[in-house]
1. Return yes when Ser13 is within 19 Å of Leu94 (Cα to Cα), hydroxyl-bearing (Ser, Thr, Tyr) and without any contact (Cβ under 8 Å) to a residue 40 or more places away in the chain and no when it is not.
2. Among the residues of segment 37-51, write down those that are touching a strand residue (DSSP E or B) at 6+ places or on another chain (Cβ under 9 Å), closer than 26 Å to Leu78 by Cβ and not acidic (Asp, Glu).
3. Can you name every one of the strands (runs of 3 or more DSSP E) wholly within segment 11-96 that holds 3 or more residues which are buried (at least 18 other Cβ atoms within 10 Å of the Cβ)?
4. If you check Lys41, Lys4, which single one turns out to be farther than 12 Å from Tyr96 by Cα and either in contact with a Phe, Trp or Tyr (Cβ under 7 Å, 6 or more places away or on another chain) or charged (D, E, K, R) (or both)?
5. Collect the residues in segment 36-71 that are under 13 Å from Ala11 (Cα atoms) and of a type in the set (Val, Ile, Thr), keeping them in residue-number order.
6. If you check every pair at least six apart or on different chains, which have Cβ atoms under 6 Å apart with a residue in segment 34-53 that is free of Cβ contacts under 8 Å to residues at least 24 places away in the same chain first and a residue that is part of a strand (DSSP E or B) and surrounded by 15 or more Cβ atoms within 10 Å (Cβ to Cβ) second?
Amino acid sequence: MNAKITAACQAFSLGQSAKALPLIADEVEWHIVGDHSIIGKAGVEETCAEAEAEGNPNFKNLRTIESKSHVIVEGHDLEGDVHYCDIYTVEENLIYEITSYCLARFEEDGEAEQLSE
């Protein structure tokens, strides 16, 4: 895998979209599992700008896995009990698809429960 693509994927997972946008295809599809999908680079840029306006996340990537056409980035929020896994599909040195999974814990009647898709 191209080192620039891997670095772009890692940056995107940390909420640093500006570092990744040059390597995202115009036809990108971003699937936020259990929530919604964003089609097109303009939509990704808009969504990221809105998120960044709310403040910088305190994410930490824990593991990156690379293959011929995929980069997988796992990590968590340092300020909460939220864990993420982003799967990037790469073609012709551009990111064409992002699938994001997010797992969080919540308290119900004093007991923590695990949420998953």
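Coordinate-derived values only; no laboratory data. Everything quoted here is computed from the prediction, not taken from an experiment. Neighbour counts are summed over all protein chains in view; Cβ atoms, including those assigned to glycine, are modelled from backbone coordinates with ideal geometry.
1. Values: within 19 Å of Leu94 (Cα to Cα): yes; hydroxyl-bearing (Ser, Thr, Tyr): yes; without any contact (Cβ under 8 Å) to a residue 40 or more places away in the chain: no.
No, not satisfied.
2. If the condition is that a residue be touching a strand residue (DSSP E or B) at 6+ places or on another chain (Cβ under 9 Å), closer than 26 Å to Leu78 by Cβ and not acidic (Asp, Glu), then Ile38, Val44, Thr47 are the ones that fit.
3. Details: elements: 24-32, 36-39, 59-66, 70-77, 82-91.
Counting at least 3 such residues, we get 24-32, 70-77, 82-91.
4. On the way: Lys41 fails: farther than 12 Å from Tyr96 by Cα.
Of the residues listed, the single one that is farther than 12 Å from Tyr96 by Cα and either in contact with a Phe, Trp or Tyr (Cβ under 7 Å, 6 or more places away or on another chain) or charged (D, E, K, R) (or both) is Lys4.
5. Hits for segment 36-71 are Thr64, Val71.
6. Matching pairs, first to second residue: Ser37/His31; Ile38/Trp30; Ile39/Glu29; Lys41/Ile24; Lys41/Val28; Thr47/Ile38.
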